[in-house]
Amino acid sequence: MSQSGKNGLTYSDAGVDIDAGNLLVEKIKPAVRSTRRPGADGEIGGFGGLFDLKAAGFKDPVLVAANDGVGTKLKIAIDADYHDTVGIDLVAMCVNDLVVQGAEPLFFLDYFATGKLDPDQGAAIVNGIATGCRDAGCALIGGETAEMPGMYATGDYDLAGFAVGAAERGALLPSGDIAEGDVILGLASSGVHSNGFSLVRKIVEISGLGWDAPAPFADGKTLGEALLVPTRIYVKPLLKVIRETGAIKALAHITGGGFPENIPRVLPKHLAAEINLDAVSAPAVFGWLSKTGGVEAKEMLRTFNCGVGMIAVVPADKADEVASALKAEGESVFTLGRMIARNEGDAGTVYTGSLSL
């Protein structure tokens, strides 16, 4: 890099390429446009994204906001040089947290920070974000791309996502009538989703396998591909069934902390979730992680989703109707347990049966 004279430094000399940023914006415009929905039809590039709640059909809405990242799953994407799906994870982790409160995701913003901006890599990531937004029915109305040499090594990046949803006043979940005897339905996950990846990476290190090695638990996929399967987005099926049946009392997104941390978050203090572990069909990836890392079932249950990405609490007499409606929308649903009385000081999640890994 040349410097003309004493004061000839440019931003590019410091490692920040404005032209690369502009090129990325041009590359992603079609993907962003593909996420338009009622209430959002602007172009990116302004100082803020706009959303019209009235055009989205809301009369007396309560707004619900959520933000999240993808965690160290990004390290696998970086090391395996596969960036197409982590954007789906980013959206999923935010919008699944909105739908558990009965809210319809409306719009999404992303933050993408990297050491040196590669417009092709950036476009792959944002294309994934747009895919996730279309799956969730929300508009990608803006974002921030930060090129920060010295903060991140070349090739490294981080992602954060921010989603806003709305529900009509009085329609938020959990409802106040969760009762003893209510049934807990489980919705199958697509795999590890986006939690526990620091442990996953440690186990892969123990296994000695490279990211391009055949996955021992998934035929026809490399280890990197199999572990990067994106987080399932439950939004459209759940919103449809919430509205059609009116029978869902509570939902919990099973993320970091697994069953014991996430289910009690939506329950009244006098009730506990009794989970029948015999009902859980853990995908093969969890058996491989447990066996290879010597990870006990109890630790698996508080680190990973173990095959259950979402739970729904419903009245016993409506359980079959709700399960059938969710299956009709493409979800894999099973009876996972029931609500039982809970004494002060007792755990909010108790188990029967054993987890088959």
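Could you identify the single residue in 158, 182 that is in contact (Cβ under 8 Å) with a residue 60 or more places away in the chain, in contact with a Pro (Cβ under 8 Å, 6 or more places away or on another chain) and not hydroxyl-bearing (Ser, Thr, Tyr)? Lay out the reasoning, then the answer.
Numbers: 158 fails: in contact with a Pro (Cβ under 8 Å, 6 or more places away or on another chain).
Selected residue: 182, the only one of 158, 182 that is in contact (Cβ under 8 Å) with a residue 60 or more places away in the chain, in contact with a Pro (Cβ under 8 Å, 6 or more places away or on another chain) and not hydroxyl-bearing (Ser, Thr, Tyr).
The single condition from (1) closer than 22 Å to residue 170 by Cβ; (2) over 16 Å from the mean Cα position of the chain (by Cα); (3) touching a residue at least 12 places away in the same chain (Cβ under 8 Å) that residue 270 fails is (1). For the range 297-316, does any single residue satisfy the condition of being over 21 Å from residue 252 (Cα atoms), touching a Phe, Trp or Tyr at 6+ places or on another chain (Cβ under 6 Å) and not acidic (Asp, Glu)? There is no residue in the range 297-316 that is over 21 Å from residue 252 (Cα atoms), touching a Phe, Trp or Tyr at 6+ places or on another chain (Cβ under 6 Å) and not acidic (Asp, Glu). Which pairs turn up if I take residues in the range 24-41 that are over 10 Å from residue 141 (Cβ atoms) and modelled with pLDDT of 90 or more and look for partners that are buried (at least 19 other Cβ atoms within 10 Å of the Cβ) and hydroxyl-bearing (Ser, Thr, Tyr) with beta carbon separation below 7 Å, at least 6 apart in sequence or on another chain? Here the result reads 24/145, each pair linking the range 24-41 to a residue that is buried (at least 19 other Cβ atoms within 10 Å of the Cβ) and hydroxyl-bearing (Ser, Thr, Tyr). Give me the residue from the range 99-137 that is among the charged types (D, E, K, R) and over 13 Å from the mean Cα position of the chain (by Cα) and, out of that set, farthest from residue 237 (Cα to Cα). Taking the candidates together, the pick is 116. Would it be correct to say that residue 88 is in a helix (DSSP H, G or I), modelled with pLDDT of 95 or more, open to solvent by 20 Å² or more (accessible area, probe 1.4 Å) and out of contact with any His (no Cβ under 6 Å at 6 or more places or on another chain)? Yes, satisfied. Scanning the range 154-204 for residues that are of a type in the set (Lys, Arg) and under 18 Å from residue 336 (Cα atoms) yields a total of 0. Here residue 181 qualifies as touching a helix residue (DSSP H, G or I) at 6+ places or on another chain (Cβ under 6 Å) and at positive phi.
Out of the range 47-85, which residues are touching a residue at least 40 places away in the same chain (Cβ under 8 Å), part of a loop (DSSP other than H, G, I, E, B) and either open to solvent by 30 Å² or more (accessible area, probe 1.4 Å) or aromatic (Phe, Trp, Tyr) (or both)? If the condition is that a residue be touching a residue at least 40 places away in the same chain (Cβ under 8 Å), part of a loop (DSSP other than H, G, I, E, B) and either open to solvent by 30 Å² or more (accessible area, probe 1.4 Å) or aromatic (Phe, Trp, Tyr) (or both), then 48, 49, 50, 51, 53, 58, 59, 60, 71, 72, 82, 84 are the ones that fit. Entry remark, the range 161-218: residues being part of a helix (DSSP H, G or I), under 20 Å from the mean Cα position of the chain (by Cα) and either modelled with pLDDT under 95 or surrounded by 15 or more Cβ atoms within 10 Å (Cβ to Cβ) (or both) number 4 in total. Limited to the range 91-109, what total is found for residues that are aliphatic (A, V, I, L, M) and in a strand (DSSP E or B)? Residues meeting the conditions: 2.
Restricting the range 97-125 to residues that are touching a Lys or Arg at 6+ places or on another chain (Cβ under 9 Å) and closer than 20 Å to residue 158 by Cα, the residue that is surrounded by the most Cβ atoms within 10 Å (Cβ to Cβ) is 122. Restricting the range 329-357 to residues that are among the polar types (S, T, N, Q), open to solvent by less than 80 Å² (accessible area, probe 1.4 Å) and under 24 Å from the mean Cα position of the chain (by Cα), the residue that is farthest from residue 276 (Cα to Cα) is 332.
The values are calculated or read from the model by the stated rules, or taken from the named source; none is laboratory data. These numbers come from a predicted model, not from an experiment. Counting neighbours? That spans all protein chains shown, and the Cβs are built from the backbone with ideal geometry, glycine included. Please note that ligands, DNA and RNA were not included when accessible areas were found on the heavy atoms of the full protein model with its side chains. Shrake-Rupley method; radii C 1.70, N 1.55, O 1.52, S 1.80 Å.
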